[in-house]
Amino acid sequence: MSKTSEQVRREFLQFFEDRGHAFVPSGSLLPADDPTLLFTNAGMNQFKDVFLGTGTRPYKRAVNSQKCIRAGGKHNDLEDVGHDTCHQTFFEMLGNWSFGDYFKAEAIQWAWELLTGVWGLPKDKLWATVLGGDEPAGLSGDTESIELWPKVTDLPAERVLRFDISENFWEMADTGPCGVNTEIHIDLGEGACDGSRHAAKACGINVEDCGRFIELWNLVFIQFNRDESGRLEPLPAKHVDTGLGFERICAVLRGATSNYDTDVFRPLMAWLEKRCGVRYGGAHDTDVAFRVVADHARACTFAIADGVLPSNEGRGYVIRRILRRAARFGRKLGEHEPFLHLLTPVIVEQMGEVFPEIARRQKQVTQTIREEEVSFNRTLDRGLEVFERVAAKADKQIGGELAFELYTTYGFPVDLTQLMAAERGLTVDMQGYEKEMARHREISAAGAGFQAATVTGLPETDDSAKYETGPVQAKVLGWVMGEDYVKEGSLPEGSEAAVVLDKTRFYGESGGQVGDTGSLAFHGGRFDVRDTKLVGHCVLHVGIVAEGTLKAGDEVTVQVGPQRADTMRNHTATHLLNWSLRKVLGSHVEQAGSVVGPKRLRFDFTHAAAVTDEELAEVERLVNERLLVDESVVVLQLPLLEARRIQGVRAVFGERYPDPVRVISIGTDDPVGEATKDTPVELCGGAHVQRTSQIGFFKIVSEESVAKGVRRITAVTGHEAVRYVQRLDESARSVAAALRVPVEEMAERVVALQKEVKQLRKRPGAGAAAFQSEFVVETPRGRALIGRTDVSSLPEMRKLCDVERQKGVAAMLVAAIGEGGVTVTAMVAEALVKAGEARADEWVRVAAAVVGGSGGGKPTMAQAGGKDADKLPEALRAARDWIRDRLGGTG
């Protein structure tokens, strides 16, 4: 019965392909077009549109092995990983599906045939569970499955057990497709469970933490859709969705009681044993660490390969938590230096053929994990010292203030603090932690500008006309000054306040779109609106009384300024930019933030590498192409659930959308029926143009890094885009005139001049290299210099560093541009190296990575090179940030 994991996967797929099922490759861990999910957590995610009746496939039966992560949201296994031998954050789910084809009889019969006939599992050890009925939920028993089990298999009726909705009704989220299910369980024998984790109950099926009776296969019969009100509605057709945990069945077929005692995990365990000099199976604490590190390395490798990069928001934060949890458990194995990234090649070697994307992106994945490890390691040891000091004195609880400090200062996710506390028999004051977090958010919000969040008693504003721009009459209800809402009195000329009206056409800043500007005209005067804020449901018109005296109760004429038209151009262009980036860079691109104003638009998105000039040109071309064909921009108001069903719909993860919600579709008048994955369609509450031609012209101004794995594009449209190109043209003509060549030959002439200068510098007596300082970082350990030189000779660059070292400079990084690209040299004082505070070889790699190169050397002196000279300013900034972070400096 013992089989390799490769055999198990192949035999499962072949069994169902032989029965008319089409093999479908695994979908991405990023759920396609489903903002309700953090990660793909089941095989059926990619078929959700079929179950809802909004999509079709060219096949009626499907089979696959789907990669899944359960580490957040409704299905979250993160805290269990390591402490038992069956939970994982990342796993494969083997599954077979029927889309309106076969139903319960075939699903039950084939599952039994594969388990007992092909794989030879003992029939007398298998059990089935079904829904016995759930009166509070309004569901009767699944009599069809109850009758089918002994009819289409040789499982005795007495081993078909009945449970309620908590065990035998399956739904993948709070809303969406669902239905009754029947599960197949196996009895692994008395020795498989010591009962210590469920002492109050005897071993049995569906007894939590029982290791003897475990679920193998879940057969879900999807017939309903649960809407947002909780109501169950019949689906257009009945479907089958099954899930068989790959790692679990591999363990069972090998006679193992642990998923980690199979060839799925054995290569990772062997690598860790060799690396750490610790034996797996030797002690409980280290065994937990082995399992955590092995599982988390798999989760991070696959997630990052699919475009989920560590960050402080949404999916990225979950991956960051997983990485940091693994790094902390690495300490229990004696690992104090970055090492998790070294597991990625082991995983690729084992699974790269089945999932080729991890092989294609191995370099990016390894680099991303290492950078995250290096970043966390800087604070991990200090944070652990703080925790240990407080925990040693604590009676029963770790204070919320400390948990908050560990998060903000040392980067410890609060669940990591809870885990460390539990290991010492302590709890964490989560109420105190949440209080500190709320206070932090208030301070941050206050620091961001207008401070109205603390004002109470603000009335609701009728802003239903905010998408129109013509004048409208309104009444002054009051105004906010400081932290007070004033409902009577007057504002003399020159007074600054935030006026509250009963209704308005001004758009309050939200969803990335800045607030409108304009005016409120009243008898004998005018209030100039400089900004519009939204606090709850109240619209605040922030500005100054330009003429006259404004009184409470005054009738005013509300007039939105002409800048709104430019903002609308930029907002629609932002949607097209989002669409174009996914077309050019890949489906992993996710919006990470945006600011849309009248002058320009700014769009942040997830992408690990700098966008090349060629890619930017293609992004720009695709956007302008859609402007030239003059497509319609359609605005629909739809129920949230219906909007989410639209194929290709984009939504900002974590954003809370109203119900009904506005849907913006470009190029199709009926996104519900006609949209494809190539249609720019988004959930959005902002203001937009009516046709793409009204945008006029789209031009990218800059592309840069704003955080690890997050890029930013700034662009202009319309008149601003024309002015920007005109300025570029004027500059080019001026430079060409100075060089006395046509504009077309300017670049060639500059290259020739650079060669001449280089030859002149090689002449005897040309002089020593000069250092041009870009950044000076003052640190407690001395001064750090970052800058450039005109000489790219490594000996000359080392001389520069030696000269500054003799002057007492603690660290120095110098870069030069030559024929072959960029050359970088770094120097770090020996005292800093010995103290473990900084190393030249690590520092130089930070800069080299930005310019597309690599390097190394000694801890005190190192060199590197790269090809992308245009990225040198960004590389120097990265070098500054790194040394400032390591040494605690400013500048």
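Can you tell which of Glu247, Glu233 is at pLDDT below 90 and on the phi < 0 side of the Ramachandran plot?
Result: Glu233 is the single residue among Glu247, Glu233 that is at pLDDT below 90 and on the phi < 0 side of the Ramachandran plot.
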**Complete:** Counting only residues in the stretch 388-424 that are at pLDDT 80 or above and of a type in the set (S, T, N, Q), the one farthest from Val318 (Cα to Cα) is identified as Gln397
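Output the number of residues of the stretch 836-853 satisfying the condition of being in contact (Cβ under 8 Å) with a residue 12 or more places away in the chain and either farther than 30 Å from Ala752 by Cα or assigned to a strand (DSSP E or B) (or both).
9
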**Asked** Do we have any residue at all in the stretch 363-370 that's surrounded by fewer than 16 Cβ atoms within 10 Å (Cβ to Cβ), free of Cβ contacts under 8 Å to residues at least 40 places away in the same chain and more than 20 Å from Asp415 (Cβ to Cβ)?
**Response** yes
**Fill in**
Of the residues in the stretch 1-25 that are modelled with pLDDT of 95 or more, among the hydrophobic types (A, V, I, L, M, F, W, C) and under 35 Å from the mean Cα position of the chain (by Cα), the one that is nearest to Cys250 (Cα to Cα) is Val8
**Item:** Unique residue being at pLDDT below 95 and in contact with a strand residue (DSSP E or B) (Cβ under 8 Å, 6 or more places away or on another chain) when the list is Asp134, Asp154
**Value:** Asp134
**Request:** Check whether at least one residue in the stretch 826-837 is aliphatic (A, V, I, L, M) and surrounded by fewer than 15 Cβ atoms within 10 Å (Cβ to Cβ), and report yes or no.
**Result:** yes
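Residue by residue, here is whether (1) over 29 Å from Gly27 (Cα atoms); (2) within 23 Å of the chain's Cα centre (by Cα); (3) without any contact (Cβ under 8 Å) to a residue 40 or more places away in the chain holds:
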site	(1), (2), (3)
Val542	yes, no, no
Leu550	yes, no, no
Arg600	yes, no, no
Thr612	no, yes, yes
Val623	no, no, no
Leu636	yes, no, yes
Val649	no, yes, no
**Asked** Quick one: is Asp630 more than 21 Å from Ala651 (Cβ to Cβ), of a type outside the set (A, V, I, L, M, F, W, C) and in contact with a strand residue (DSSP E or B) (Cβ under 7 Å, 6 or more places away or on another chain)?
**Response** yes
**Request:** Under 7 Å between Cβ atoms, at least 6 apart or on separate chains: pull out the pairs that start in the stretch 77-91 with a residue that is outside the structural domain of Ala294 (by TED's automatic domain parsing) and closer than 19 Å to Thr301 by Cα and end on any residue that is at pLDDT below 65 and not hydroxyl-bearing (Ser, Thr, Tyr).
**Result:** His87/Asp77; Gln88/Asp77; Thr89/Asp77
**Message:** Yes or no: the stretch 814-823 includes at least one residue that is assigned to a loop (DSSP other than H, G, I, E, B), crowded, with 21+ Cβ neighbours inside 10 Å and outside the structural domain of His336 (by TED's automatic domain parsing).
**Reply:** no
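Please go through the stretch 604-617 and give me each residue that is in a strand (DSSP E or B), surrounded by fewer than 20 Cβ atoms within 10 Å (Cβ to Cβ) and touching a helix residue (DSSP H, G or I) at 6+ places or on another chain (Cβ under 9 Å), ordered by number.
none
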**Request:** Go through the stretch 861-891 residue by residue and tally those that are β-branched (Val, Ile, Thr) and either touching a Lys or Arg at 6+ places or on another chain (Cβ under 8 Å) or not assigned by TED's automatic domain parsing to the domain that holds Ala810 (or both).
**Result:** 1
**Asked** Are any of the residues in the stretch 258-265 at pLDDT below 90, buried (at least 18 other Cβ atoms within 10 Å of the Cβ), touching a helix residue (DSSP H, G or I) at 6+ places or on another chain (Cβ under 7 Å) and under 29 Å from Arg61 (Cβ atoms)?
**Response** no
**Complete:** By residue number, the members of the stretch 258-278 that are farther than 25 Å from Gln66 by Cβ and either β-branched (Val, Ile, Thr) or in a helix (DSSP H, G or I) (or both) are Ala270, Trp271, Leu272, Glu273, Lys274, Arg275, Cys276, Val278
**Prompt:** Counting just the residues of the stretch 96-141 that are assigned to a helix (DSSP H, G or I) and polar (S, T, N, Q), which one comes out farthest from Pro177 (Cα to Cα)?
**Reply:** Thr116
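For (1) modelled with pLDDT under 90; (2) in a helix (DSSP H, G or I), each residue gets a yes or a no:
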{"site": "Ser580", "(1), (2)": "no, yes"}
{"site": "His588", "(1), (2)": "yes, no"}
{"site": "Pro598", "(1), (2)": "no, no"}
{"site": "Arg602", "(1), (2)": "no, no"}
{"site": "Val619", "(1), (2)": "no, yes"}
{"site": "Ile664", "(1), (2)": "no, no"}
{"site": "Asp669", "(1), (2)": "yes, no"}
{"site": "Val689", "(1), (2)": "no, no"}
**Fill in**
Looking across the stretch 582-598 at residues that are hydrophobic (A, V, I, L, M, F, W, C) and free of Cβ contacts under 8 Å to residues at least 60 places away in the same chain, the single one that is surrounded by the most Cβ atoms within 10 Å (Cβ to Cβ) is Leu585
**Message:** Thr504 - would you say it is surrounded by 19 or more Cβ atoms within 10 Å (Cβ to Cβ), modelled with pLDDT of 95 or more and out of contact with any His (no Cβ under 8 Å at 6 or more places or on another chain)?
**Reply:** no
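Determine whether Arg886 is outside any strand (DSSP E or B), buried (at least 20 other Cβ atoms within 10 Å of the Cβ) and out of contact with any Leu (no Cβ under 6 Å at 6 or more places or on another chain).
Working: outside any strand (DSSP E or B): yes; buried (at least 20 other Cβ atoms within 10 Å of the Cβ): yes; out of contact with any Leu (no Cβ under 6 Å at 6 or more places or on another chain): yes.
For Arg886, the condition - outside any strand (DSSP E or B), buried (at least 20 other Cβ atoms within 10 Å of the Cβ) and out of contact with any Leu (no Cβ under 6 Å at 6 or more places or on another chain) - is met.
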**Request:** Test each condition in (1) crowded, with 20+ Cβ neighbours inside 10 Å; (2) more than 28 Å from Asp604 (Cα to Cα); (3) among the small types (Gly, Ala, Ser) for Gly515 and report the one that comes out false.
**Result:** (2)
**Message:** Test of understanding: among Thr714, Thr692, Thr668, Thr679, which residue is among the polar types (S, T, N, Q) and surrounded by fewer than 17 Cβ atoms within 10 Å (Cβ to Cβ)?
**Reply:** Thr714
**Request:** Select from the stretch 620-639 the residues that are more than 15 Å from Pro680 (Cβ to Cβ) and buried (at least 18 other Cβ atoms within 10 Å of the Cβ) and list them in ascending order.
**Result:** Glu620, Leu638
**Asked** So, of the residues in the stretch 283-315 that are closer than 17 Å to Asn259 by Cα and without any contact (Cβ under 8 Å) to a residue 24 or more places away in the chain, which turns out to be surrounded by the most Cβ atoms within 10 Å (Cβ to Cβ)?
**Response** Asp287
**Fill in**
Of the candidates Glu183, Glu144, Glu167, the one satisfying the condition of being modelled with pLDDT of 95 or more and either buried (at least 19 other Cβ atoms within 10 Å of the Cβ) or assigned to a helix (DSSP H, G or I) (or both) is Glu183
**Message:** Conditions first: (1) outside the structural domain of Ile646 (by TED's automatic domain parsing); (2) within 25 Å of Ala565 (Cα to Cα); (3) of a type in the set (Asp, Glu). Glu682 passes all but one, so which condition is the exception?
**Reply:** (1)
**Request:** Tell me which of these Ala707 doesn't satisfy, since it passes every other one: (1) among the aliphatic types (A, V, I, L, M); (2) within 23 Å of Leu622 (Cβ to Cβ); (3) in contact (Cβ under 8 Å) with a residue 12 or more places away in the chain.
**Result:** (2)
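The values are calculated or read from the model by the stated rules, or taken from the named source; none is laboratory data. These numbers come from a predicted model, not from an experiment. Ideal geometry is used to build each Cβ from the backbone, glycine not excepted, and the neighbour counts take in all protein chains shown.
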